[in-house]
1. Does Gly46 satisfy the criteria of being part of a loop (DSSP other than H, G, I, E, B), surrounded by fewer than 13 Cβ atoms within 10 Å (Cβ to Cβ) and either of a type outside the set (Asp, Glu) or not assigned by TED's automatic domain parsing to the domain that holds Arg390 (or both)?
2. Any residue at all in segment 156-166 that is more than 21 Å from the chain's Cα centre (by Cα) and assigned by TED's automatic domain parsing to the domain that holds Trp50?
3. So Ala235 ticks every box in (1) touching a residue at least 40 places away in the same chain (Cβ under 8 Å); (2) touching a helix residue (DSSP H, G or I) at 6+ places or on another chain (Cβ under 7 Å) but one. Which box is left unticked?
4. Is there a residue being under 24 Å from Leu240 (Cα atoms), over 25 Å from the mean Cα position of the chain (by Cα) and not in a strand (DSSP E or B) anywhere in segment 6-22?
5. For segment 163-202, how many residues are assigned to a strand (DSSP E or B), among the aliphatic types (A, V, I, L, M), more than 18 Å from Gln71 (Cβ to Cβ) and within 14 Å of the ligand (Cβ to nearest atom)?
6. Answer yes or no as to whether Glu84 is more than 24 Å from Ala230 (Cβ to Cβ), acidic (Asp, Glu) and either within 16 Å of the ligand (Cβ to nearest atom) or assigned to a helix (DSSP H, G or I) (or both).
7. Which residue, of Tyr82, Tyr135, Tyr144, is buried (at least 19 other Cβ atoms within 10 Å of the Cβ) and more than 22 Å from the chain's Cα centre (by Cα)?
Amino acid sequence: MPILKDGQDTLTLGDILAPMTEAEFFQDYYDKKPLHIPGSADKFKGIMDWSILNELLSNGPLWSAKSLGLQIDKQPIPAALYCESREDRSGSMVMQPIAGKVMDLLHQGASLIANDIDMMSKPLRQVASAFEAAYNGKAQANLYCSWDSRKAFSSHFDTHDVFALHIEGEKTWRVFETRMPHPIRHARHSNGAYTEAQHMEQRGELLFDVVLKPGDILYLPRGQYHDALAVSSGAVHIALGIVSLVGLDIVDALKDFAVEDEAFRLNLPRLAQGETATRSVLEDLGNKLHQLSKNPNVLAALLQYQASYSYDRSQYTLPIESTDKQFNLVDGPFRLVKDKGTFVLTGPRGAVPVPPGSEGPISWILSQKRFRRGAFLSAHERLPAAAADRLLSDLQSMGVLKSA
Ligand SMILES: [Fe+2]
């Protein structure tokens, strides 16, 4: 079953991982161990396939040598071999891939890596948003396309959780025993901190290997050693990487408050004043940081930062209505019910979860037979107009509302 359903605007992590539930994933696998979820071949229908990929790649000005990379035998191919210097949409000169040259190199066995594709279509934005909402993290998607028995990468670990969504062909993934202790993008804690020989040495024994087929998902917690080898000609997967906030982000939050205390802005003692003077400052500031860690404003700021820690994926909702549009409620019955703490809108076509905060506006809509947009906006003054229009348009595409 495809996870993208007609008229459904929001995807959840549960939709993507099904039949596994989001709760099971966070309970048993998240940040614990790798997971393979086999899926039906049409699971990612509408999200990615050869024709969607061709369409994306053919949009020349979207790409540069940085966002579209080619590799052969684990080595990057120099941009000059597949790009030409062209003016981009901001007027800067960039190396832009030329389809004919890229295709020639792919024929010779090169692998293609299309970076940052998570904003490039509505379905891709929906997938990325589902991961961001569940993780409170930033999701980024790269696409890998490789050919028979060619390895684009040697054994490595990533500094964020990875979900490989398998799209076309087949690829064998090898997952190794070693899981590096929570690596991050830091010179001493990322892949680049080790030589190839060290990676081979420390990846450990093979934990398992698995042939991913279209519709399959492989979850790798941050730090788990792995590699992948295309076993069919033309294997495509999307790697969803999710960066979560870590303990060091608390240090940054504390720093943001500490700067207001003059003690943190004073010069440190000169070395001539002796070690004791510096030790005393260290102790004093350490205590102040400890006090700050108990300050409820710091906690509130941190929670707010985490709640908004995702990429902006807001969408355009043109046209802008020049008149006060009228909406009619379609014959239901539609009902807003609470199911295990979340609100669900049920109707003749099934049930959809209601985004938190929308239950009030939705129950107002259900209580009306017909209403004008202006009346809806004035009844919900705290709802921004863009969010209100999005909700109205979502309800229209779900068949709850019709514009008169
Ligand atoms: Fe990786």
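1. No, not satisfied.
2. No: zero hits.
3. All conditions are met except number (2).
4. Within segment 6-22, not a single residue is under 24 Å from Leu240 (Cα atoms), over 25 Å from the mean Cα position of the chain (by Cα) and not in a strand (DSSP E or B).
5. 2
6. Criteria not met by Glu84.
7. So the residue among Tyr82, Tyr135, Tyr144 that is buried (at least 19 other Cβ atoms within 10 Å of the Cβ) and more than 22 Å from the chain's Cα centre (by Cα) is Tyr82.
Condition check ((1) surrounded by 19 or more Cβ atoms within 10 Å (Cβ to Cβ); (2) assigned by TED's automatic domain parsing to the domain that holds Gly234; (3) assigned to a helix (DSSP H, G or I)) across all residues:
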site	(1), (2), (3)
Pro61	no, yes, yes
Lys66	no, yes, no
Leu70	yes, yes, no
Val94	yes, yes, no
Gly100	no, yes, yes
Gly109	no, yes, no
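The values are calculated or read from the model by the stated rules, or taken from the named source; none is laboratory data. Being a predicted model, the structure only gives us computed values, none of them experimental. Cβ sites come from the backbone with ideal geometry, for glycine too, and all protein chains shown count toward neighbours.
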